[in-house]
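For reference, the structure is listed below as structure tokens.
Please treat every number below as a calculation from the coordinates, not as lab data. Keep in mind that this is a model prediction, so the values were computed, not measured. For neighbour counting, all protein chains shown are included, and Cβ atoms are generated from backbone atoms with ideal geometry for every residue, glycine included.
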Ligand SMILES: *Cc1c(COP(=O)(O)O)cnc(C)c1O
């Protein structure tokens, strides 16, 4: 029995009729860019997240870029972000005109913390991007508090964390015991609908969520060349629109997301029970108050590369997210990153391995993966 890291087909099969009807509806309308499907999806996403504003755009990368550009960066202005993330987080910071400043992570959750962010703070820091890596939220209450004390903006990279939530716990602002969704905790949130994300379209797509009306308005202008009225431009934006076909597909999928997320969580639970006692692996941990949505189920593994090869030999897919930290990427050499600078990030790059976790995986295939990990370490 082979086990792919990800298989998108069973999900499509399960909602094929609804999706095909939605696609047909758009094709018949011949209304392809923005328009009623996109507006409908924006309203549904805003309601789902519990934010007043959601603005569709062309990708998760642009969902980071647009709110960053909205801050009007001046040369030398800095944005703090983790070095242990997908390249897009840093690429967006750079392309918006900011200087990326990389911080380290908490070894337990792979996420930034107030301490790791504070360690690299300077008087040029304008914004922080906590990345909710693998589907678990970074500690937003503490990061928000730090940013607020120092007058910086918080933009959540929620590309891997749609549907994740956490205890809100902000005295005087949120209900005691209340929850806040990923993308609703900071000043703005960035989502990706790349097909491998928990809510994936049939191509690229993204969305900016925000509680700030002025920021959302600016992002909505920036995605159409910096003006709401055709041929009148208050600022230089770009072309970054969500198309109607993607929105129509995503509207069909969104109501299914909670059940798909629960399936990921139950897969994670089965791995946990079966791998807990294996010497050689460290399992992912969820911090108290977090609802983890497992875009990835990422373990640390002794002899990681050998394990990966062993699994591949048995037809089992796995992934290394991410093998090279961003502070050591060639394109950022001029920023002066050096080895040993962010020890937990560098260790994670050597140790992490992501296992198949997609909702339709099923218990037999999980058990197959577990057996082969056991065989590798226990012979
Ligand atoms: C996928 C991803 C992005 C970028 O999304 P795209 O839609 O591929 O542009 C940004 N940040 C993180 C953490 C991601 O995983």
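Annotations for the structure displayed:
- Stretching residue 87 away from residue 239 to a fully extended chain increases their span by 52.6 nm, per 0.36 nm per residue minus the current alpha-carbon distance.
- Cα gyration tensor shape for region 79-210, rounded if a/c is under 1.5, else prolate or oblate: oblate
- The label point for residue 39 and the one for residue 228, both projected 7 Å from the Cα toward the Cβ, are 1.3 nm apart.
- Cβ-derived FRET efficiency at R0 30 Å, residue 252 paired with residue 72, nearest 0.05: 0.20
- A Förster distance of 41 Å, applied to the separation of the beta-carbon atoms of residue 269 and residue 339, puts the FRET efficiency at 0.65.
- Net lengthening on full extension, residue 29/residue 371 (0.36 nm per residue, minus Cα-Cα): 118.0 nm
- Rg and Dmax [Cα atoms of region 256-378; Å; Rg one decimal, Dmax integer]: 16.0, 49
- Looking at region 9-254, the pairs of alpha carbons with a distance over 29 Å make up 27% of the total.
- Relative contact order of region 256-378, taken over Cα pairs closer than 8 Å and 6 or more residues apart, is 37 percent.
- Computed lengthening from residue 47 to residue 122, 0.36 nm per intervening residue step minus Cα-Cα distance: 23.4 nm
- Region 53-123: C-alpha gyration tensor shape, a/c 1.5 cut-off, then a/b vs b/c: oblate
- Residue exposure sequence - 137, 1 - by fewest surrounding Cβ within 10 Å: 1, 137
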